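The values are calculated or read from the model by the stated rules, or taken from the named source; none is laboratory data. This is a predicted model, so every value here is computed, not measured. Note that we place each Cβ from the backbone using ideal geometry, even for glycine, and neighbour counts take in every protein chain shown.
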Amino acid sequence: MEKRLAVAAKRIPADIVIKNGKIIDVFNLELIEEDVAIADGYIVGIGEYEGKEIIDAKGKFISPALIDGHVHIESAMVPPEEFARIVVPRGVTTVMADPHEIANVAGIVGIQYMIEASRNLALDVKIMVPSCVPATSFEHNGATVTAEEIEELFTKGEVYGLGEVMDYPAVLSGESNMMKKINAATKHQRIIDGHAAGLTKDGLNAYCTVGIRNDHEAVSSQEALERLRRGMYVLIREGTAAKDLEALVEVVTPFNARRCVFATDDKHLDDLVEEGSIDASIRKAISLGISPLQAIQMGSLNAAECFRLSEKGAIAPGYEANFILLNKLETFDIDEVYVKGEKVARKSEFTLPDPQKTNPPSFLTDSVHVKPYLSDAFQLTIDNPNQVHVIKTNPGSIMTEHLIEKVDCTDGFFQPSIKNNQLKLVVVERHKKLGHIGIGVIKGIPIEDGAIVATVAHDSHNIVVCGTDDRSIDCAIKHIISIRGGIAVVKGEDVLADLALPIAGLMSEKPFEEVNHSLKELEIALNQIGFTESWNPFLTLSFLALPVIPALKLTDTGLFDVEQFRHI
């Protein structure tokens, strides 16, 4: 601090001075043309300064680095070290990461792995300890995270806050274990993340009362407004399966924009590589009419204040020297990225040596355990073919519709119909060999011949497969077991393409470039089974077993009506 003060007061030269740049002032939404002085990785002055090293910005814009308000790193299918190599060149240098996915497979072991793998990276990973593992009592996951374990992590200082509280019935009823977790976070003065999907106004009141101040589940402008009126931060989600920015942008005004933040939540690796992360949200927001400076404020300062990151989110004295040099504001065209004054990326390329990998424990790389099943295990008995519950998916949304439709049957068993786009959906328990197999009818994933399968199935991450016939479904399940988890496309008994995800059935051990190549091969394979849509069916598939997002879902023990919050 003494050195920084001496530099700020111009008694000694700065370590680094940025000259000839246009500072983006996110406090006043204006541009400032002055020097930026940096010492020990912190900004210490704006004005006229001399330094040991000069960065000539050459007229570029100096933007604060970006913050992702809510992300599950596992959804990118690579561990934190590789995730950093993807998002840091995109200007994202801090993420609020909830390892909820790996925790549902491996509990505290999984959380500790994510903590260790996130150390000493150019990306500052703030771990939010998962609050709902398991998410509900209506499905079977691999582990439990108790209130006592959460308290211990807070006490040791290994986690930043309490992850998304998605079991809202437990909050509303004041359930004992949930209250212990919330009270632990409150005692340690930690952030508590919300997950208020479909909550009424009264439900939001209860949420805010227990100290939850943010939510990423608003899917309409009215829902966003109700949250803003209650003093919540609205995390505007733009991921792969859920894209809410276009629906919510109309609620953002100069009067309430300071309570609006960007988040990706779940974004596939190929979309991160091709589109970007929070930088993509900023570009889209600008294209939808939000001013560039305000969009940048939402992606930096607003997120920092939402999560009490007092040294992040701005180009100002006392803030970490995490910044981006932009060629153009309107397109958020990134030239270089700096973390604590050190250049870490240029022209979309990571410039640091690849981070050293943390080896996952063997428990994590051997997590797919399925009880042997009979050949007729996937038959679905239908009592009345004219009145069948059908799960209807919609592109770009993780919410489903609950339909009642007529289906084809033979000898009392459901027969998938390509013509009617009524396919078979199967969820197989894969953690403890319980032998549970849920079977349902799915509409909205247009496959003509074959199946798609994944061990990425929020939140319990059992095996989920959608197919046109039992032979393809059986082949898909057996193959995914053989590769210790992952995703695959099959046709009959032929595996057309796959991506092994041996770390908890969620993440690859390979560099992200190789993972991205495998994803391209999966796209080609999808065409071979008749899927020609532009959206990603695997991310849609991965949310079909999540019984906390309306309306109808399938768990390993059957169809679940989220609005009634019970199996039907």
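This table checks each residue for (1) more than 28 Å from the chain's Cα centre (by Cα); (2) surrounded by 14 or more Cβ atoms within 10 Å (Cβ to Cβ); (3) modelled with pLDDT of 95 or more.
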position: 408; (1), (2), (3): yes, yes, yes
position: 413; (1), (2), (3): yes, yes, yes
position: 416; (1), (2), (3): yes, yes, yes
position: 427; (1), (2), (3): no, yes, yes
position: 435; (1), (2), (3): yes, no, yes
position: 440; (1), (2), (3): no, yes, yes
position: 445; (1), (2), (3): no, yes, yes
position: 454; (1), (2), (3): no, yes, yes
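Residues checked against (1) over 22 Å from residue 530 (Cα atoms); (2) of a type in the set (D, E, K, R); (3) without any contact (Cβ under 8 Å) to a residue 40 or more places away in the chain:
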{"site": "409", "(1), (2), (3)": "yes, no, yes"}
{"site": "423", "(1), (2), (3)": "no, no, no"}
{"site": "428", "(1), (2), (3)": "yes, no, no"}
{"site": "440", "(1), (2), (3)": "no, no, no"}
{"site": "460", "(1), (2), (3)": "yes, no, no"}
{"site": "477", "(1), (2), (3)": "no, no, no"}
{"site": "483", "(1), (2), (3)": "yes, no, yes"}
{"site": "489", "(1), (2), (3)": "no, no, no"}
{"site": "495", "(1), (2), (3)": "no, no, yes"}
Exercise. Do you know which of the residues in the range 28-39 that are surrounded by 14 or more Cβ atoms within 10 Å (Cβ to Cβ) and among the charged types (D, E, K, R) is nearest to residue 4 (Cα to Cα)?
Worked result: 35
Exercise. For the range 97-117, does any single residue satisfy the condition of being crowded, with 24+ Cβ neighbours inside 10 Å, touching a residue at least 12 places away in the same chain (Cβ under 8 Å) and over 28 Å from residue 429 (Cβ atoms)?
Worked result: no
For this session: Considering (1) closer than 26 Å to residue 492 by Cα; (2) in contact with a helix residue (DSSP H, G or I) (Cβ under 8 Å, 6 or more places away or on another chain); (3) not hydroxyl-bearing (Ser, Thr, Tyr), say which one residue 528 fails and leave the rest.
Result: (2)
For this session: Would you be able to tell me the number of residues in the range 248-280 that are in contact with a Lys or Arg (Cβ under 6 Å, 6 or more places away or on another chain) and either surrounded by fewer than 21 Cβ atoms within 10 Å (Cβ to Cβ) or hydroxyl-bearing (Ser, Thr, Tyr) (or both)?
Result: 1
Seminar exercise, completed: Note on residue 510: of the conditions (1) in a strand (DSSP E or B); (2) out of contact with any Asp or Glu (no Cβ under 6 Å at 6 or more places or on another chain), unmet is (1)
Exercise. Taking the condition closer than 20 Å to residue 470 by Cα and part of a loop (DSSP other than H, G, I, E, B), does residue 357 pass?
Worked result: no
For this session: Mind listing whichever residues of the range 516-543 are over 16 Å from the mean Cα position of the chain (by Cα) and among the aliphatic types (A, V, I, L, M)?
Result: 519, 522, 524, 525, 526, 529
Exercise. Taking the stated definitions as given, is residue 473 part of a helix (DSSP H, G or I), under 27 Å from residue 117 (Cβ atoms), at pLDDT 95 or above and over 21 Å from the mean Cα position of the chain (by Cα)?
Worked result: no
For this session: Search the range 28-38 for residues being in a strand (DSSP E or B) and more than 34 Å from the chain's Cα centre (by Cα), and hand back the single one that is farthest from residue 62 (Cα to Cα).
Result: 37
Seminar exercise, completed: In the range 40-53, anything part of a strand (DSSP E or B) and either surrounded by 14 or more Cβ atoms within 10 Å (Cβ to Cβ) or touching a helix residue (DSSP H, G or I) at 6+ places or on another chain (Cβ under 9 Å) (or both) is listed as 42, 43, 44, 45, 46, 51
Problem set entry | Residue among 315, 290, 398 that alone is closer than 30 Å to residue 6 by Cα, part of a loop (DSSP other than H, G, I, E, B) and of a type outside the set (Lys, Arg) | 315
For this session: Looking only at the range 55-77, count how many residues are closer than 20 Å to residue 314 by Cα, crowded, with 23+ Cβ neighbours inside 10 Å and of a type outside the set (A, V, I, L, M, F, W, C).
Result: 5
